[in-house]
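Enquirer: Here it is, the structure, as structure tokens.
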Amino acid sequence: DPSSIRHFQNLLCRSCCNRVLFCSHRTRWSLENFDIGRPLGKGKFGNVYLARERQTKFILALKVLFKKQLEKAGVEHQSHVKMHPNILRLYGYFHDASRVYLILEFAPRGELYSELQRCGHFSENISATYIMELADALNYCHTKKVIHRDIKPENLLLGANGELKIADFGWSVHTPSSRRSTLCGTLDYLPPEMIEGKTHDEKVDLWSLGVLCYEFLVGKPPFEAKTHEETYRRISRVEYSYPPQATISAGAKDLVARLLKHNPMHRLPIQGVLSHPWVVEYSTKKPTTLNSEEPGQ
């Protein structure tokens, strides 16, 4: 309906204008600055609500986290990862005696997981575009020495124009020089080194990228099984196959195979993902970070 499209475009335009006002508005925030709307989601450490800043009328998402749970889990605040088009923007934060409030960009099209469930699986063009956007964002994170460690469809959102946004940095960690040895993330997406209790680095995100690429194309994760024990075994042995009815190109399978390597050192580097022939051919968008340290602003 053309009138509905025009109405949506007007809302987007107004939102952009409000964003400019909002971003230049203030640096100190409190709960009194916001009208709180409907819940958008529930997470391990708190809830997310649709909200509107009262003075500028800017629509955003307000994530409410409980301090005790954050301290218990040792979660870090990733304020230094916020300037990439495929990372959900953090505008600011404030706190009271018991809670921390994150002022986040609102992604109107919701979870990528819901879209995958609705479609069953994605086409190669859509899959390659999402993989490109995700790899581009992860490349940026890794240049900031941040490992996400929990890449999965539930932690990926869709912006107003259908662009992918990495949303949840609850399990991410800032590692200027260290390697990690804690177990976190969802089992289907964990690499062998994490389930085997070994130290790990940014190459865990490369494994998750391979798992996601498979899931986008097939509709379910490659190591999915009826029990945790069987999933563990399949991950450790890198045992996966494609459904006989699936029509997936050799290029897509090649990318997945290059990422799902037991030895982290053998996985295709993130820049190699961005320049992989299948990604280059099928993606409808171009990366912002290829062969550069920082993405275009």
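The values are calculated or read from the model by the stated rules, or taken from the named source; none is laboratory data. In this text, all values refer to a predicted model and were calculated from it rather than measured experimentally. Cβ atoms come from the backbone with ideal geometry, glycine included; neighbour counts cover every protein chain shown.
Enquirer: Considering each of 127, 123 in turn, give the residue that is surrounded by 21 or more Cβ atoms within 10 Å (Cβ to Cβ) and polar (S, T, N, Q). Give the steps one after another, and end with the answer.
Expert: Numbers: 123 fails: surrounded by 21 or more Cβ atoms within 10 Å (Cβ to Cβ).
127 is the lone residue from the list that is surrounded by 21 or more Cβ atoms within 10 Å (Cβ to Cβ) and polar (S, T, N, Q).
Enquirer: Between a first residue in the range 196-223 that is of a type in the set (Asp, Glu) and a second residue that is assigned to a helix (DSSP H, G or I), which pairs have beta carbons less than 6 Å apart while being 6 or more apart in sequence or on different chains?
Expert: Here the result reads 202/142; 205/138, each pair linking the range 196-223 to a residue that is assigned to a helix (DSSP H, G or I).
Enquirer: Determine which single condition residue 279 fails, assuming it passes every other condition in (1) modelled with pLDDT under 95; (2) of a type in the set (Val, Ile, Thr); (3) surrounded by 22 or more Cβ atoms within 10 Å (Cβ to Cβ).
Expert: Exception for residue 279: condition (1).
Enquirer: Failed condition for residue 86, given (1) more than 29 Å from residue 142 (Cβ to Cβ); (2) modelled with pLDDT of 90 or more, with all others met?
Expert: (1)
Enquirer: With the structure loaded, tell me whether residue 233 is assigned to a helix (DSSP H, G or I), surrounded by 14 or more Cβ atoms within 10 Å (Cβ to Cβ) and free of Cβ contacts under 8 Å to residues at least 12 places away in the same chain or whether it fails that test.
Expert: Values: assigned to a helix (DSSP H, G or I): yes; surrounded by 14 or more Cβ atoms within 10 Å (Cβ to Cβ): yes; free of Cβ contacts under 8 Å to residues at least 12 places away in the same chain: yes.
Yes.
Enquirer: Which ones in the range 3-58 are of a type in the set (A, V, I, L, M, F, W, C), at pLDDT 70 or above and over 20 Å from residue 157 (Cα atoms)?
Expert: Initially, the range 3-58 is screened for residues of a type in the set (A, V, I, L, M, F, W, C), giving 5, 8, 11-13, 16-17, 20-23, 29, 31, 34, 36, 40, 45, 48, 50-51, 58.
Filter once more, keeping what is at pLDDT 70 or above: 29, 31, 34, 36, 40, 48, 50-51, 58.
Result: 29, 31, 34, 36.
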